[in-house]
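No value in this document is a laboratory result; all are computed from the given coordinates. Remember, it's a predicted structure, so these values are computed and weren't measured experimentally. Note that we place each Cβ from the backbone using ideal geometry, even for glycine, and neighbour counts take in every protein chain shown.
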Amino acid sequence: MKLSSLFLIFSLGILPFVHSCRSPESDDKLKSKIEDALKTTAGIEVDVEEGNVTLNGQIGSDDLKREIEDKTRSVGGEEIKSIHNNIIVNLPEPEDAREKYHEILGGAIDSTLTRDVNLVLEDFPTITAQVKEGIIIATGNLEKSKIDTLKKRLAHIKPKGIDMKGVTSR
């Protein structure tokens, strides 16, 4: 009688600890199921530790962030203890955002563009540039293979125009 009572007390005392411990294999299986369900969504990382799911990455909308969490919850079901959705939403910048910003600031367009141009030119030390009325005027000498890269990087800051006539190729 004492032995069975002792066994019962021991079992009840250790049972909660056994139940709360998950094997790494079950976490790996859960992670794999979630990753398979999210394979069409690029850039999302999934971590699972003791049934706690962490989602990381960057996407373009709040709706997609919610969809990812809902899909994770439906795929994992009872195996999931909690979901930590650390996904960052980076809304795309509207095409005309820079122009509208410059309109609001009026004359500050050249100083803002000059700052951005100087950041780009840090990677092109043989090139100098001025900004006049929203147009970037570049001068200097650059390898022919890098001229296209420079144009693309300058275009990315959305000036009114780019004048590359003063850039010669080596």
Report the extension gain between ASP70 and ALA42 in nm, rounded to one decimal, defined as 0.36 nm multiplied by the number of residues separating them, less their alpha carbon distance. 8.4 nm
Residue-count net charge about LEU150 - beta-carbon cut-off 14 Å; Lys, Arg +1, Asp, Glu -1: +1
ASP36 neighbourhood, Cβ < 13 Å, K/R = +1, D/E = -1, net charge +3
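With respect to the cross-link table entries LYS65/LYS158; LYS65/LYS152; LYS29/LYS65; LYS29/LYS71, which display a Cα-Cα separation exceeding 20 Å?
Where the Cα-Cα span goes over 20 Å, the pairs concerned are LYS65/LYS158; LYS65/LYS152; LYS29/LYS65.
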Once you place label points 7 Å from the Cα toward the Cβ at THR112 and THR128, how far apart are they in nm? 2.7
Compute the distance in nm between two label points, each set 7 Å from the Cα along the Cα-to-Cβ direction, one at LYS146 and one at THR54. 4.0
Please report the relative contact order for the range 27-76, taking Cα pairs under 8 Å with a sequence separation of at least 6, and give it as a percent rounded to a whole number. 40
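Quick check on the range 104-170: of the DSSP beta bridges with both residues there, what percent are antiparallel, nearest 5%? Intermediate results must be reported in sequence, preceding the final value.
On the way: 6 of 13 bridges.
Antiparallel bridges: around 45 percent, rounded to the nearest 5.
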Between SER26 and HIS84, what is the label-point separation in nm under the 7 Å Cα-to-beta-carbon projection? 2.0
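What net charge is computed for the residues neighbouring ASN56, neighbours being all others with C-beta under 15 Å from the C-beta of ASN56, Lys and Arg scored +1, Asp and Glu -1? Show your work: numbers first, answer last.
On the way: positive: LYS31, LYS65; negative: GLU35, GLU45, ASP47, GLU49, GLU69.
That works out to -3.
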